[in-house]
1. Give me the percent of the accessible area of the chain that comes from carbon and sulfur atoms, probe 1.4 Å, all protein chains in place.
2. Express the C-alpha Rg of the stretch 134-218 as a ratio against the empirical globular expectation 2.2 N^0.38 Å, rounded to two decimals.
3. Quick check: from the Cα gyration tensor, does the stretch 207-302 come out rounded (a/c under 1.5), prolate or oblate?
4. Report Rg(Cα)/(2.2 N^0.38 Å) for the stretch 158-206, keeping two decimals.
5. Which aspartates and glutamates, on any chain, are close to residue 248 with Cα under 19 Å apart, when same-chain ones fewer than 8 places away are left out?
6. How big is the charge dipole of the chain about its Cα centre, in debye rounded to the nearest 20, if each Lys and Arg gets +1 on its Cβ and each Asp and Glu gets -1 on its Cβ?
7. Does the stretch 54-195 classify as rounded, prolate or oblate by the C-alpha gyration tensor (a ≥ b ≥ c root eigenvalues; a/c under 1.5 gives rounded; else a/b over b/c gives prolate, otherwise oblate)?
8. Among the GluC sites (Glu not before Pro) within the stretch 1-100, which fall in a DSSP loop and have no more than 10 other Cβ atoms within 10 Å of their own Cβ?
Amino acid sequence: MNLTDRIVKLKKERKAVILAHNYQRPEIQDIADYVGDSIELSRKAMQETEAEIIVFAAVDFMAESAAILNPEKRVLLPALGARCPMAQMLTVDEIKRCKALYPDAPVVLYVNTLASAKAYCDICCTSANAVEVIKSLEADTILFGPDRNLAESVAEKTGKTLIPLPEWGFCPTHLLFQPEDVTVLKMQYPDAAVMVHPECSAEIRKVADFVGSTSKMCRYARECSAKTLIVGTEEGLLHRLRKENPEKQFIVAYEGAVCPNMKLTTLGRLYAALKEEKYAVKVPEPIAKKARIALERMFEITS
Ligand code: 13P
Ligand code: SF4
């Protein structure tokens, strides 16, 4: 029996479901029960009733959100080191410092944060619903973290003042895209559409036809008339894009745009995770309780 068959067999025996992010390795996406962006995966985890175990093929903060939203289930992260560096950039101390400077400003945190940080915010958002979440608030000045680029992009779309916390938060993978990459590809493929993630810099977002979350990019690719698309996000998304649109051509704007953390989940580690029920993700209840409120508020206002 090959590894894939063993995983499928073990998954049934353990009554497990595998949720995989759009950036996972092709073989992980192919074996998963569901592939999606961070809001879709959180919703799936929250609504899961059948399975006893949720294996989260992604990074730490996504698995933590699953454990917070569905505390009845055992949540496993197959690669212990799969940590999102952006989520590590925002500390509770920094949130407290900014709150003291702007006591009337609500705190909105991107889900790419640790549960301990979420416990100190008013509401969470993802790149798919950040504009909706910000518009839903009465305040015009809002503390927003940790991604400075997402803060800028949402401020442009809502006309509100978003104060970034920390001032410099970023995704190391999305920062790799340079405007020249797109300019050169546009010379080669003049009819191509350009779609990028909001974690990209302002220079990249400016030259894009579409800016959105990973799943919103999948929808744009399906619905737009362009036959060739230049993609400004982690290269793992191209597997799904090509699978769903075999008649279209997808080119990643910079081939080195790899999130090493997302790639830590391999078939071998997925098998070991199921076999040994590791690594269990647990969030202490006092923190989970507060973070859950912030996540649930997001779901209330997001269709
Ligand atoms: P999405 O919510 O768009 O899938 O993004 C998550 C992420 O980590 C982007 O780098
Ligand atoms: Fe974090 Fe960037 Fe990787 Fe997304 S792509 S998980 S934001 S490091």
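1. Roughly 51 percent, rounded to a whole number.
2. The value comes to 1.19.
3. Since a/c reaches 1.5 but b/c is at least a/b, the shape of the stretch 207-302 is classed as oblate.
4. 1.40
5. List returned: 191, 209, 223, 234, 235.
6. Using Cβ point charges on Lys, Arg, Asp and Glu, the chain gives about 720 debye.
7. Oblate is the answer for the stretch 54-195, as a/c is 1.5 or above yet b/c matches or exceeds a/b.
8. Listed in order of number, the matching sites are 50, 72.
The values are calculated or read from the model by the stated rules, or taken from the named source; none is laboratory data. Because the structure is predicted, anything quoted here is derived from the model rather than measured. Don't worry about glycine lacking a Cβ; one is built from the backbone with ideal geometry, like all the others, and counts go over all protein chains shown. Just the protein is used for accessible areas: all its heavy atoms, side chains included, with ligands, DNA and RNA removed. Shrake-Rupley method; radii C 1.70, N 1.55, O 1.52, S 1.80 Å.
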